[in-house]
Amino acid sequence: MRVLVAEDDDGLRDVLVRGLREAGYVVDAARSGGDAIAYLSVNEYGVCVLDWRLPGPSGVDVVAWARARSVSTPILMLTARDAPGDRVAALDAGADDYLAKPFDYGELLARLRALLRRPAGDRSPMLVCGTLVVDPTTREVRAAGDPVELTAREFAVVEILARRSPSVVLRRSIALNAWPEEADAVGSNTIDVHIARIRGKLAHCDARIETVRGAGYRLVGP
């Protein structure tokens, strides 16, 4: 699951990024409202953690921008502002939840899990392709009803293919999702090896991973 963290405090941002990655999330980090908008413009996120007082457009401005463009990513507003009027302003702008600083990290993770379980509009929490079912919240995968054991990187590959199915997913996008900190060093052979292993694990279901020469891969159903 890919998460966007937008926080201008370097220390807190680093703590959030490190903790979320340790919890199994793929994390992008933004330092300003402008950066957050740029990330939301080109990437699809399972959830966004957004600070209120960002340089440039504020967190509330970012939320309003996203909702005006039908970006349905669940957004957790994280801020030191905790007056009732502030909470109302954040929620009215389109934020899904609100957590005041200082906060308990366990509570933050619990709130993120709750947001990931909550359908946004018509968005289903499950990613389904034929008899392949991927649950981004629990990180469970089932093929033809049977549980599939995947490594963290294999899950990241399957998730992005399922999320964008039946569209082609570029190798670069796969590398960024499964190897976020070393994407530039990941070669085609490494991705091919992981795809081959995943194909073997999904061989008994009717979803299949097709190779698109010169581009990447796509997941297609029956």
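Any read-out appearing in this document is the output of simple, stated calculations on the displayed coordinates, not a laboratory observation. Predicted, not measured: the structure shown is a model, and the values here were computed from it. Here the Cβ positions follow ideal geometry from the backbone for every residue, glycine too, while neighbour counts run over all protein chains shown.
Relative to the dominant Cα principal axis of the chain, helix 59-68 is inclined by about 50°.
Which value in nm describes the separation of the simple spin-label points at ASP206 and ALA68, placed 7 Å from the Cα toward the beta carbon? My value for the distance between the label points is 4.5 nm.
Translational diffusion coefficient of the stretch 1-67 (Stokes-Einstein, Kirkwood radius from Cα pairs, 10 °C, 1.306 mPa s): 136 µm²/s.
Taking only the C-alpha atoms of the stretch 127-220, the Rg (one decimal) and the largest Cα-Cα distance, Dmax (whole number), read 12.2, 36 Å. For the pair ASN189 and VAL220, a Förster radius of 35 Å applied to the C-beta separation gives a FRET efficiency near 0.90, rounded to the nearest 0.05. Per-residue extension of 0.36 nm, minus the Cα-Cα distance of LEU12 and ASN43, leaves a gain of 8.9 nm for this segment.
The angle between the Cα long axis of helix 84-93 and the main principal axis of the chain comes to about 40°, on a 0 to 90 degree scale. When the trypsin sites (Lys or Arg not before Pro) in the stretch 1-89 are filtered for DSSP coil states and for at most 13 other beta-carbon atoms within 10 Å of their beta-carbon, the remaining sites are ARG69. Against the main long axis of the alpha-carbon atoms of the chain, helix 188-201 sits at an angle near 70°. Summary of the geometry: the stretch 147-222 and the stretch 93-114, compared by the centres of their Cα atoms, lie 31 Å apart.
For the chain, the Kirkwood estimate of the hydrodynamic radius, built from every pair of different alpha carbons, is 18.2 Å. Once the C-beta distance of GLU140 and ALA23 is scaled by a Förster radius of 22 Å, the resulting FRET efficiency is 0.90 to the nearest 0.05. The orientation-averaged shadow of the Cα convex hull for the stretch 1-115, equal to a quarter of the hull surface, comes to 6.2 nm².
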